[in-house]
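> The structure that follows is given in the form of structure tokens.
The values are calculated or read from the model by the stated rules, or taken from the named source; none is laboratory data. This structure is a prediction, so every number in the text was calculated from the model and none was measured. Glycine also receives a Cβ, built like all others from the backbone with ideal geometry; neighbour counts cover every protein chain displayed. The protein model used for the area step is the full one, side chains on, heavy atoms only, and it has no ligands, DNA or RNA in it. Shrake-Rupley method; radii C 1.70, N 1.55, O 1.52, S 1.80 Å.
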Amino acid sequence: SGGEGVSVSNGDLIMKKTVVKGNSEGGVKLYEGNGTLWINTVVKNISSSSFGGISLQPGGATVSFWNNTVAGNVSGGTTSSVDCIVKNITLHNSIFAGTGNLLSDDCYPEYSFIKDGSGGGGKDGCIENEDDPGFENPGEDDYRLATGSMCIDAGTEDGLPAEMTTDMYGNDRVQGVT
């Protein structure tokens with residue numbers, strides 16, 4: 001796979017409730033295929049190439065990206081969190097935290113947290129803040145949201161896939177008014 005944690009070329013990537021951590025050439029790469037990325041944690045991946053966390057290059061295919069946490073990834077290239085190579089890939093209800101340019105310009109986050117608001121287009125309903133998103137204990141790889149996090153109930157249910165009812169830990173995904 002070239003050192004990526006998950007790499008799919010010319011096929012479909014379905015990744016749900018998965019942790020991708022500590023890879024030497026980026027976390028997740030999709031090239032020329034459909035992608036379903038729901039409720040994943042992609043953290044602490046490094047790369048000397050253009051992306052650290054996730055690279056989405058679906059060609060003419062579609063990508064469904066919901067409720068992902070992408071944090072603490074490092075890239076020697078242009079984007080540390082998510083690199084969208086085609087226009088208008090919408091990233092829903094997700095958290096992007098780290099340093100540098102977190103999102104490439106063709107990524108369109110909606111109802112997401114973007115630390116320092118760096119990169120990406122669109123940004124409907126997003127929280128852009130220089131603070132951390134309020135993880136429980138990222139130093140110990142605990143990326144659950146702590147009580148009082150500004151990200152709790154900050155997403156939207158509009159367009160949420162019906163089968164997405166719980167979070168990574170089996171807790172109800174919608175716990176209040178969104």
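> Going through 112, 81, 104 one at a time, which residue ends up being modelled with pLDDT of 85 or more, polar (S, T, N, Q) and either more than 11 Å from the chain's Cα centre (by Cα) or more than 25 Å from residue 33 (Cβ to Cβ) (or both)?
The match here is 104.
> Still on this structure, I have one more. Would you confirm whether or not the stretch 123-137 contains a residue that is open to solvent by 40 Å² or more (accessible area, probe 1.4 Å) and modelled with pLDDT of 90 or more?
Scanning the stretch 123-137, I find at least one residue that is open to solvent by 40 Å² or more (accessible area, probe 1.4 Å) and modelled with pLDDT of 90 or more, so the answer is yes.
> Would you call residue 62 touching a residue at least 60 places away in the same chain (Cβ under 8 Å), open to solvent by 10 Å² or more (accessible area, probe 1.4 Å), under 21 Å from residue 120 (Cα atoms) and out of contact with any helix residue (DSSP H, G or I) (no Cβ under 8 Å at 6 or more places or on another chain)?
For residue 62, the condition - touching a residue at least 60 places away in the same chain (Cβ under 8 Å), open to solvent by 10 Å² or more (accessible area, probe 1.4 Å), under 21 Å from residue 120 (Cα atoms) and out of contact with any helix residue (DSSP H, G or I) (no Cβ under 8 Å at 6 or more places or on another chain) - is not met.
> Next up: Give the residue that is least open to solvent (accessible area, probe 1.4 Å), with candidates limited to residues of the stretch 98-109 that are over 15 Å from residue 56 (Cβ atoms) and in contact with a strand residue (DSSP E or B) (Cβ under 6 Å, 6 or more places away or on another chain).
Among residues in the stretch 98-109 that are over 15 Å from residue 56 (Cβ atoms) and in contact with a strand residue (DSSP E or B) (Cβ under 6 Å, 6 or more places away or on another chain), the one least open to solvent (accessible area, probe 1.4 Å) is 98.
> With the requirement that a residue be farther than 21 Å from residue 166 by Cβ and open to solvent by 10 Å² or more (accessible area, probe 1.4 Å), what does the stretch 65-74 give you? Let's see the steps before the verdict.
The first filter runs over the stretch 65-74 and keeps only residues farther than 21 Å from residue 166 by Cβ, leaving 72-74.
72, 74, listed by residue number.
> In addition: Quick one: residue 5 ticks every box in (1) buried (at least 17 other Cβ atoms within 10 Å of the Cβ); (2) more than 19 Å from residue 145 (Cβ to Cβ); (3) in contact with an Asp or Glu (Cβ under 8 Å, 6 or more places away or on another chain) except a single one, so which number is it?
All conditions pass for residue 5, except number (3).
> Quick check on the stretch 37-44. Is at least one of its residues at pLDDT 95 or above, of a type in the set (Val, Ile, Thr) and open to solvent by 20 Å² or more (accessible area, probe 1.4 Å)?
No: the stretch 37-44 contains no residue that is at pLDDT 95 or above, of a type in the set (Val, Ile, Thr) and open to solvent by 20 Å² or more (accessible area, probe 1.4 Å).
> Can you name every residue in the stretch 21-36 that is open to solvent by 10 Å² or more (accessible area, probe 1.4 Å) and either touching a residue at least 60 places away in the same chain (Cβ under 8 Å) or not small (Gly, Ala, Ser) (or both)?
Within the stretch 21-36, the first condition is being open to solvent by 10 Å² or more (accessible area, probe 1.4 Å), and the residues that meet it are 21-25, 29, 31-32, 34, 36.
If the condition is that a residue be open to solvent by 10 Å² or more (accessible area, probe 1.4 Å) and either touching a residue at least 60 places away in the same chain (Cβ under 8 Å) or not small (Gly, Ala, Ser) (or both), then 21, 23, 25, 29, 31, 32, 34, 36 are the ones that fit.
> Select from the stretch 138-158 the residues that are under 24 Å from residue 108 (Cα atoms) and either loosely packed, with under 12 Cβ neighbours inside 10 Å or among the polar types (S, T, N, Q) (or both) and write down the one among them that is nearest to the chain's Cα centre (by Cα).
Looking at residues that are under 24 Å from residue 108 (Cα atoms) and either loosely packed, with under 12 Cβ neighbours inside 10 Å or among the polar types (S, T, N, Q) (or both), I get 156.
> Six or more apart or on different chains, Cβ under 6 Å: which pairs go from a residue in the stretch 75-97 that's crowded, with 24+ Cβ neighbours inside 10 Å to one that's among the basic types (Lys, Arg)? Could you list them?
Between residues of the stretch 75-97 that are crowded, with 24+ Cβ neighbours inside 10 Å and residues that are among the basic types (Lys, Arg), the close pairs are 97/115.
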